[in-house]
Amino acid sequence: SQQGEEDPQALSIQEGENATMNCSYKTSINNLQWYRQNSGRGLVHLILIRSNEREKHSGRLRVTLDTSKKSSSLLITASRAADTASYFCATDFGSSNTGKLIFGQGTTLQVKP
Amino acid sequence: NAGVTQTPKFQVLKTGQSMTLQCAQDMNHNSMYWYRQDPGMGLRLIYYSASEGTTDKGEVPNGYNVSRLNKREFSLRLESAAPSQTSVYFCASREWGFGGELFFGEGSRLTVL
């Protein structure tokens, strides 16, 4: 089964609202990453949080990591119609020279103008 | 700078036919990955290559083989295609091991009839 599970599977909000997506995982990780995918395109990296970090910011993105609960959340503030996309968490684990990166099932975000 | 290039972009096969998906990156990355994406399943790791000369199974390796031809190229082969292998396939690469972001190609859409 997949390492990461995301919640909700789909989210629809109005422009200007905040969007929160959650990711839970099963085993110990080295870091957790979030990616975005526009329809029909490849994934694009958004942000990485290491296992010894609790919170990280990048522009309108805020990521938290709770290793005791094996969970992470991605918050997009002041959403825009252009934020409409699918968002995936990916857990990075294994030894230093293997680097297996496993993705969750994703959250589809629709931001209505 | 092309990044990660996948060929072909689209392919239709009949059950039992074989084919190879090609992937090349020009970022001098050590690690390369093959994922498949199916509706509602997110991305699932098929095989990866942490470095030139090594390959490892991911979550769903059955029915596939890979070759790390050199540092730039990582191919995925379907020896006897099955309808269950209808999917969008993504190649990705990143710097050594864990801790770095993945760079994705635009995907190869494969249909097996």
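The values are calculated or read from the model by the stated rules, or taken from the named source; none is laboratory data. Since we're looking at a predicted model, the values are computed, not measured. We place every Cβ from the backbone using ideal geometry, glycine too, and count neighbours over all the protein chains shown.
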Please list, ordered by first then second residue, the pairs with beta carbon atoms under 8 Å, 6 or more apart or interchain, first in the range A:78-94 and within 14 Å of A:Lys26 (Cβ to Cβ) and touching a residue at least 40 places away in the same chain (Cβ under 8 Å), second small (Gly, Ala, Ser) and assigned to a strand (DSSP E or B). A:Cys89/A:Ser72
Could you list, in sequence order, all residues of the range A:21-60 that are part of a strand (DSSP E or B) and away from chain B (no Cβ under 14 Å)? A:Asn22, A:Glu55, A:His57
Let me spell it out: the conditions are (1) farther than 17 Å from A:Gly99 by Cα; (2) touching a Phe, Trp or Tyr at 6+ places or on another chain (Cβ under 7 Å); (3) not small (Gly, Ala, Ser), and A:Leu11 meets all of them except one. Which number is the exception? (2)
Might you let me know whether the range A:84-105 holds any residue that is modelled with pLDDT of 95 or more, of a type in the set (Ser, Thr, Tyr) and assigned to a loop (DSSP other than H, G, I, E, B)? yes
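Within the range B:24-41, is there a residue that is closer than 21 Å to A:Gln105 by Cβ, within 13 Å of the chain's Cα centre (by Cα) and surrounded by fewer than 16 Cβ atoms within 10 Å (Cβ to Cβ)? Break it down stepwise before answering.
Of the residues in the range B:24-41, the ones closer than 21 Å to A:Gln105 by Cβ are B:33-41.
When the remaining residues are screened for being within 13 Å of the chain's Cα centre (by Cα), the result is B:33-37.
Restricting the remaining residues to those that are surrounded by fewer than 16 Cβ atoms within 10 Å (Cβ to Cβ) gives none.
No: the range B:24-41 contains no residue that is closer than 21 Å to A:Gln105 by Cβ, within 13 Å of the chain's Cα centre (by Cα) and surrounded by fewer than 16 Cβ atoms within 10 Å (Cβ to Cβ).
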Could you check how many residues of the range A:1-20 are more than 11 Å from chain B (Cβ to nearest Cβ), surrounded by 14 or more Cβ atoms within 10 Å (Cβ to Cβ) and within 13 Å of the chain's Cα centre (by Cα)? 3
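List the strands (runs of 3 or more DSSP E) that sit entirely inside the range B:19-99 and contain at least 2 residues that are over 15 Å from A:Lys100 (Cβ atoms).
Details: elements: B:19-25, B:31-38, B:42-49, B:65-68, B:74-78, B:87-94.
Qualifying strands (runs of 3 or more DSSP E): B:19-25, B:31-38, B:65-68, B:74-78, B:87-94.
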Residues of the range A:21-39 that turn out to be under 17 Å from A:Asp83 (Cα atoms) and not polar (S, T, N, Q), as a count: 4
Would you point out the residue of the range B:17-52, among those that are touching a Lys or Arg at 6+ places or on another chain (Cβ under 6 Å) and facing chain A (nearest Cβ under 9 Å), that is modelled with the highest pLDDT? B:Arg44
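Can you tell me how many residues in the range B:53-67 are within 14 Å of chain A (Cβ to nearest Cβ) and modelled with pLDDT of 90 or more?
Selection size over the range B:53-67: 8.
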Among the candidates A:Thr67, A:Thr108, single out the residue that is in contact with a strand residue (DSSP E or B) (Cβ under 7 Å, 6 or more places away or on another chain) and either more than 9 Å from chain B (Cβ to nearest Cβ) or among the small types (Gly, Ala, Ser) (or both). A:Thr108
List pairs: first in the range A:99-113 and free of Cβ contacts under 8 Å to residues at least 40 places away in the same chain and farther than 14 Å from A:Gln9 by Cα, second part of a strand (DSSP E or B) and of a type outside the set (Asp, Glu), Cβ under 7 Å, 6+ apart or cross-chain? A:Gly99/B:Ser31; A:Lys100/A:Phe93; A:Lys100/B:Leu45; A:Lys100/B:Tyr48
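Looking only at residues in the range B:42-63 that are among the polar types (S, T, N, Q) and either more than 13 Å from the chain's Cα centre (by Cα) or under 22 Å from A:Gly106 (Cα atoms) (or both), which one is surrounded by the most Cβ atoms within 10 Å (Cβ to Cβ)? Spell out the reasoning first.
Quick first cut of the range B:42-63, residues among the polar types (S, T, N, Q) only: B:49, B:51, B:54-55, B:62.
Right, trim to either more than 13 Å from the chain's Cα centre (by Cα) or under 22 Å from A:Gly106 (Cα atoms) (or both) and you get B:51, B:54, B:62.
Working: B:Ser51: 17, B:Thr54: 13, B:Asn62: 8.
Filtering the range B:42-63 for residues that are among the polar types (S, T, N, Q) and either more than 13 Å from the chain's Cα centre (by Cα) or under 22 Å from A:Gly106 (Cα atoms) (or both), the one surrounded by the most Cβ atoms within 10 Å (Cβ to Cβ) comes out as B:Ser51.
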